[in-house]
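Participant: My questions will all concern the structure given below.
Read-outs: derived from the displayed coordinates by stated rules, not from any lab. Everything numeric here is computed off the predicted structure, so don't read it as measured data. Neighbour counts are summed over all protein chains in view; Cβ atoms, including those assigned to glycine, are modelled from backbone coordinates with ideal geometry.
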There are 2 protein chains.
Amino acid sequence: MTVIPESHRDLFDLPAVWHVATIGPSGEPQVSPVWAGFDGTHIRFPHLEGRQKWRNLRDDDRIALSATDPDSNERYLEVRGRVVAFEHEGALDLLDAQSQKYRGDDFPREDAQPLDKRISVVVEPLHCTTMG
Amino acid sequence: MTVIPESHRDLFDLPAVWHVATIGPSGEPQVSPVWAGFDGTHIRFPHLEGRQKWRNLRDDDRIALSATDPDSNERYLEVRGRVVAFEHEGALDLLDAQSQKYRGDDFPREDAQPLDKRISVVVEPLHCTTMG
């Protein structure tokens, strides 16, 4: 059973940008937009090993994500949780699936470099807040 | 001179939702959407004294905000900074100005209760990241 309410699960099927908050090296908050999907248990977003969010989450696995409905910006979901894995396997499949959702096309391989650093960040949702 | 690049200042004039990251009571990241404006020096967003973000920011003034262009979700601005004030004066004016921007109308007074808790959170931008 996921903590994500059924009423707001559709946000993962829409091209809603997710804003990911992590803890930076000095304990400060950082936030940046990502593409994300939800399989009924975990949230996954495409990322690159070595990047800032990866470094932050390797050091502190606590994470929060929020998104608004692209057609109704007062309808939103915030999820707090923990990163439970950085997956290499399937990372390009996730990237393509999300690119299809947000752009309507696969992700160009030349823009996905370096391919061996491509990962999926896997988030276990623990707590949610909704509006609208 | 502000650190916010001219190329992305228009995001504050668009109805772009800002996702505000703060540090929660256990040091965890939290993120939620707000309306925000920029006067050339400070970012201000309407809030209520006593709410979670207010409590977080009273205890740790470090903050980050990110937004994407509503018409181009790969164009974004992230701002990191510090909260330099919680202003009571002008809080309803800010709320109305932002409501005009996002909803096209003033904010209903019955929804703005309690009026004496209405504040503007004032952010000094210190560092920016942009894309697109």
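Participant: Describe numerically, in nm with one decimal, the distance between label points set 7 Å from Cα along Cα→Cβ at B:Asp61 and at A:Asp61.
Facilitator: 3.5
Participant: Given the options B:Arg109, B:Arg55, B:Arg118, state which has the largest fluctuation in a GNM of chain B using a 10 Å cut-off (strictly under) for Cα springs.
Facilitator: B:Arg109
Participant: Also: Enter the mean number of other protein chain beta carbons within 10 Å of the beta carbon of each residue in B:30-38, as an integer.
Facilitator: 5
Participant: Which lysines have a Cα lying under 27 Å from the Cα of A:Lys117, excluding residues fewer than 8 positions away in the same chain?
Facilitator: A:Lys53, A:Lys101
Participant: Continuing with this model, one more query. At 7 angstrom along the Cα-to-beta-carbon line, where would the label on A:Arg103 sit relative to the other copies? Give the distances in nm, shortest first.
Facilitator: Copy-to-copy label distances at A:Arg103, shortest first: 3.7 nm.
Participant: Now a separate question. Going 7 Å from Cα along the Cα-Cβ axis for the label, what nanometre distances separate A:Gly40 from the same residue across the other copies?
Facilitator: Its label point is 5.6 nm from the equivalent points in the other copies.
Participant: Volume per residue, Å³, of the convex hull around the alpha-carbon atoms of chain A?
Facilitator: With only Cα atoms used, chain A gives 102 Å³ per residue.
Participant: Follow-up question, since we're still on this one. I need the inter-copy label distances for A:Thr130: point set 7 Å along Cα to C-beta, values in nm with one decimal, smallest first.
Facilitator: 3.7
Participant: Let me ask something else. What residue among B:Glu87, B:Glu28, B:Glu78 shows peak mean-square fluctuation when chain B is described by a Gaussian network model with Cα springs under 10 Å?
Facilitator: B:Glu28
Participant: Could you work out the relative contact order of chain B? I mean the mean sequence separation of Cα pairs under 8 Å and 6+ apart, divided by the number of residues, in percent.
Facilitator: Averaging sequence separation for qualifying contacts and normalising by length gives 31 percent for chain B.
Participant: Return the Rg/Rh value of the protein assembly as shown, two decimal places, where both radii are evaluated on C-alpha atoms and Rh is the Kirkwood radius.
Facilitator: Rg/Rh for the protein assembly as shown comes to 0.96.
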